[in-house]
1. Which ³J(HN,Hα) values, rounded to whole Hz and listed in residue order, are derived for region 136-145 from phi using the Karplus coefficients 6.51, -1.76 and 1.60 in 6.51 cos²θ - 1.76 cosθ + 1.60 with θ = phi - 60°, glycine and proline given as x?
2. Greater than 23 Å separation of Cα atoms is the criterion. Which listed pairs, Lys167/Lys238; Lys192/Lys229; Lys167/Lys220; Lys84/Lys125; Lys125/Lys265; Lys216/Lys255, meet it?
3. On a 0 to 90° scale, report how tilted helix 312-322 is relative to the longest principal axis of the chain, with both axes built from alpha carbons and the result rounded to the nearest 10.
4. Gain in length, Thr56 to Glu16, computed as 0.36 nm per residue apart minus the alpha-carbon separation, to one decimal in nm?
5. Could you calculate the FRET efficiency of Arg82 with Ser174 from 1/(1 + (r/R0)^6), where r is the beta carbon distance between them and R0 is 45 Å, rounded to 0.05?
6. Identify the residues of region 329-346 with backbone N under 20 Å of a label point that sits 7 angstrom from the Cα of Ala316 along the Cα-to-Cβ direction, or state none.
7. In what sequence do Ile39, Ile213 fall when counting other Cβ within 10 Å, fewest first?
8. Hey, with R₀ at 22 Å, roughly what FRET efficiency would Asn161 and Leu130 work out to, going by the Cβ-Cβ distance, to 0.05?
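Computed from the coordinates by the stated procedures, all read-outs in this text should not be read as laboratory data. What you see is a predicted model; the values in this text were computed from it and never measured. Because the Cβ atoms are built from the backbone with ideal geometry, glycine has one as well, and the counts that use them run over all protein chains shown.
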Amino acid sequence: MILRALYLNNFRVYEEAHFEFEPGLNLIVGPNAVGKTSILEALYLLITGRSFRTATLHDLIHHGAAHFFIEATFSKHGLEHRLKMSYDGDERKIIYNNTPYTSTASLLGLLRGVIIHPDDAALVKGQPALRRHFLDLQIAQVDPLYVHHITRYTRAMRQRNTLLRQKRQETLESWEHEMAVSAAYLVQQRFKATDDLNTSGQKLHSQLTSDNISLKLSYKSSATPDTQKAFFLEQYRKTRKRELDLGFTLVGPHKDDLLIALQDKDARHFASEGQQRSCVATLRLAEWQRMRSEGDGEPIMLVDDVGTSLDATRKARLLEHLHQMGQVFLTATEEFEGTYSSKIRLPNGVTEKHSRP
């Protein structure tokens with residue numbers, strides 16, 4: 001899969017812009033606040049249906065405009081594909097090869113990708129929900145059945161929580177059966193993904209840091225890798241009395257966590273800022289490797305403002321690794337030593353192909 005072009009209309013700082021890309025490393029360079037990150041944000045929006053900078057779509061509309069429109073052109077299996085998204089303040093529209101999509105979940109797996117950005121440190125030191133989302137998003141991009149089950153589980157749990165708050169038990173079991181089936185699938189796939197990430201992550205972390213500090217990933221859950229529906233049904237039965245008092249569900253994959261340890265110590269509490277950023281870079285590179293092995297072709301890699309994320313040594317090692325990957329989009333405030341396939345210089349948007357160091 002190769003991303004060929006991106007068109008932006010009334011998106012962030014852009015009234016209108018068109019960018020063309022090449023296979024390999026695409027450098028997007030320019031001073032701050034000229035729209036480098038917005039290019040990656042538009043791509044990520046088409047990959048996942050959400051921005052990595054804001055939870056509000058209205059924030060993406062160019063100041064003074066009434067809507068935004070973005071379109072990506074990419075090649076896959078020798079064919080050209082077009083993916084479009086627009087938002088007018090009320091309605092979001094998604095069109096893939098002239099076919100309208102009604103849900104952002106339908107985007108997952110079409111234009112697959114991974115991102116590293118400065119706020120990613122929260123993945124290590126933030127709340128468990130961020131790490132669950134990290135697992136969910138990468139699995140969903142390569143496993144459509146996972147999308148089905150996480151949607152089904154979330155819907156059923158909302159219905160169950162409503163009944164718990166209303167102290168109504170007559171239909172609880174029907175929702176619990178639906179939740180249990182999906183919960184079993186979700187935790188099985190999360191355990192598998194964590195094992196894969198741990199295997200590749202240990203090697204990648206060593207390559208990025210060379211500090212002899214070991215990285216270990218483990219999935220924390222009340223379930224086990226081979227847990228089946230019956231386990232969750234029993235858990236719901238045991239906790240039902242307390243849940244009726246509290247008004248929400250206490251057990252299930254929505255309560256699990258991905259544990260990140262350095263030298264067997266929790267990275268949230270014992271890792272320095274530099275170590276945390278190295279962990280994040282490792283997790284994202286491991287995510288890319290897993291998506292490549294589990295999916296169909298190479299996902300794209302987005303790296304925002306690499307200069308502020310790592311120290312000089314780790315930055316150099318990350319850049320060396322990026323050159324070994326597929327199509328990469330890298331933003332920076334200044335050029336760096338090395339080769340790249342194309343360079344987009346902002347704010348004028350001039351594209352230079354096959355640049356040399």
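1. Taking θ as phi minus 60°, the curve returns 4, 5, 6, 5, 4, 6, 10, 9, x, 5 Hz for region 136-145.
2. Numbers: Lys167/Lys238 16 Å; Lys192/Lys229 17 Å; Lys167/Lys220 30 Å; Lys84/Lys125 35 Å; Lys125/Lys265 13 Å; Lys216/Lys255 20 Å.
In this structure, Lys167/Lys220; Lys84/Lys125 exceed 23 Å between Cα atoms.
3. 90
4. Details: separation 40, 0.36 × 40 = 14.40 nm, distance 2.10 nm.
Length difference between fully extended and current span is 12.3 nm.
5. Working: r = 42 Å, r/R0 = 0.93.
It comes to 0.60.
6. Output list for this probe position: 332-340.
7. On the way: Ile39 26, Ile213 14.
Final ranking by Cβ density, sparse to dense: Ile213, Ile39.
8. With a Förster radius of 22 Å, E is 0.55.
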